[in-house]
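Remarks on the structure that follows.
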Amino acid sequence: MLRRSASLPEKKYFKRILFTELEVKRRMGEMAVEIARDYRGKEMVIVGILKGSFMFFSDLVKLLYIHDIHPYIDFMILSSYGSSTTSSGKVKLDRDITTPLEGKWVLLVDDILDTGRTLSFAKFHLSRFNPMGVKTCVFLDKPSRRVVKIKADYRCFEIEDLFVVGYGLDWNNLFRDLPYVAVIDEKNLPPTNL
Ligand code: XMP
């Protein structure tokens with residue numbers, strides 16, 4: 001059920017809502033059509049980068065199911081050293097995939113493409129398992145922040161250089177559960193014990 005934005009108690013921590021639940025759903029539907037068209041008839045493995053992609057990934061897989069696309073599912077856990085609102089540079093593999101990729105078409109899924117370090121690290125890593133191909137899919141793209149040259153093959157929305165939360169994206173592991181995307185208000189952050 002869609003909640004009206006006026007009744008959201010967490011709203012006090014946000015400057016504004018960037019994409020509503022309905023806008024996310026609509027755009028996801030369009031993107032799923034494109035992906036289903038490109039992967040039809042191919043043996044597909046969809047790999048999510050945790051934790052940020054969990055909601056986007058799950059909604060995407062359900063939409064692909066409607067289009068009769070049934071990929072193998074796997075996840076990798078990556079971490080980058082540094083604080084919660086900046087990416088520091090070094091990416092570390094904390095959990096690898098277990099699905100054999102040889103002869104398969106891979107779709108790598110992440111929440112946001114920012115400097116590009118995480119996605120290029122993951123793409124390079126997966127390409128060493130000899131798949132037929134690796135394409136990338138991100139929920140959000142911040143092209144102005146790019147440090148590593150990489151473009152996503154599929155993306156839902158392009159955004160400016162804003163720190164956003166919701167739909168899997170977090171501030172200190174909070175707000176991942178929101179079905180919409182909001183811009184956090186750095187002057188009024190929530191209390192946290194984390
Ligand atoms: P890179 O810089 O490697 O970053 O492309 C990808 C990772 O950085 C995090 N990130 C964000 N997380 N709101 C977030 O909650 C943001 O606006 C944001 N920008 C970057 C995120 O973990 C992503 O996977």
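Return the long-range amide H neighbours of Met44 (sequence gap of 5 or more, or a different chain), with a cut-off of under 5 Å between placed amide H atoms.
Tyr72, Trp105
Please report the carbon-and-sulfur percent of the accessible area for segment 68-137; probe 1.4 Å, protein heavy atoms only, DNA, RNA and ligands left out.
53
Once fully extended, how much extra length lies between Glu43 and Glu158, figured as 0.36 nm per residue of separation less the alpha-carbon to alpha-carbon distance? Can you show the working numbers first?
Details: separation 115, 0.36 × 115 = 41.40 nm, distance 2.91 nm.
Here the segment from Glu43 to Glu158 would lengthen by 38.5 nm.
How far, in nm, would the chain grow between Asn173 and Lys90 when pulled straight, counting 0.36 nm per residue and subtracting the alpha carbon separation?
Gain in length upon complete extension: 27.9 nm.
Leaving out ligands and nucleic acids, and using a 1.4 Å probe, what accessible area per residue does the chain come to in Å²?
Accessible surface, normalised per residue, equals 54 Å².
Mind scanning Lys92/Lys135; Lys11/Lys151; Lys25/Lys142; Lys15/Lys135 and naming the pairs with a C-alpha gap bigger than 28 Å?
Cα-Cα > 28 Å for Lys11/Lys151; Lys15/Lys135; rest within.
Sketch the reach of a paramagnetic label on Val33 as a point 7 Å from Cα along Cα-to-Cβ, and name the residues of segment 62-80 whose backbone nitrogen lies under 20 Å away.
Inside the label zone: 62-70.
Of all DSSP beta bridges in segment 86-175, what percent run antiparallel (nearest 5)?
Antiparallel bridges: around 15 percent, rounded to the nearest 5.
Please report, in debye to the nearest 20, how large the charge dipole of the chain is about its Cα centre when each Lys and Arg carries +1 at its beta carbon and each Asp and Glu carries -1 there. Don't jump to the answer; show the numbers that get you there.
Values: 30 positive and 25 negative charges, 54 e Å.
I would put it at about 260 debye.
Mind pulling the angle between the C-alpha long axis of helix 54-66 and the longest principal axis of the chain? Nearest 10 degrees, somewhere in 0 to 90.
That works out to roughly 50 degrees.
How big is the Kirkwood radius of the chain, worked out from every pair of different alpha carbons and given in Å to one decimal?
Result for the chain stands at 17.3 Å.
Calculate how steeply helix 21-39 sits against the longest principal axis of the alpha-carbon atoms of the chain, using the helix alpha-carbon long axis, and give the answer as 0 to 90 degrees to the nearest 10.
With both axes taken from Cα atoms, the answer is about 10 degrees.
Non-local amide H neighbours of Tyr167 (under 5 Å, H modeled in plane, Pro and chain starts lacking H): which ones?
Leu178, Tyr180
Looking at segment 22-159 only, what percent of DSSP beta bridges run antiparallel? Nearest 5 please.
15
Place +1 on the Cβ of every Lys and Arg and -1 on the Cβ of every Asp and Glu in the chain, take the dipole about the Cα centre, and give the residue among Ser127, Ile184, Val45 whose Cα lies farthest towards its positive end.
Result: Ile184.
The values are calculated or read from the model by the stated rules, or taken from the named source; none is laboratory data. Model, not experiment: these values are computed from the prediction. Note that we place each Cβ from the backbone using ideal geometry, even for glycine, and neighbour counts take in every protein chain shown. These accessible areas exclude ligands, DNA and RNA; they are computed on the full protein's heavy atoms, side chains included. Shrake-Rupley method; radii C 1.70, N 1.55, O 1.52, S 1.80 Å.
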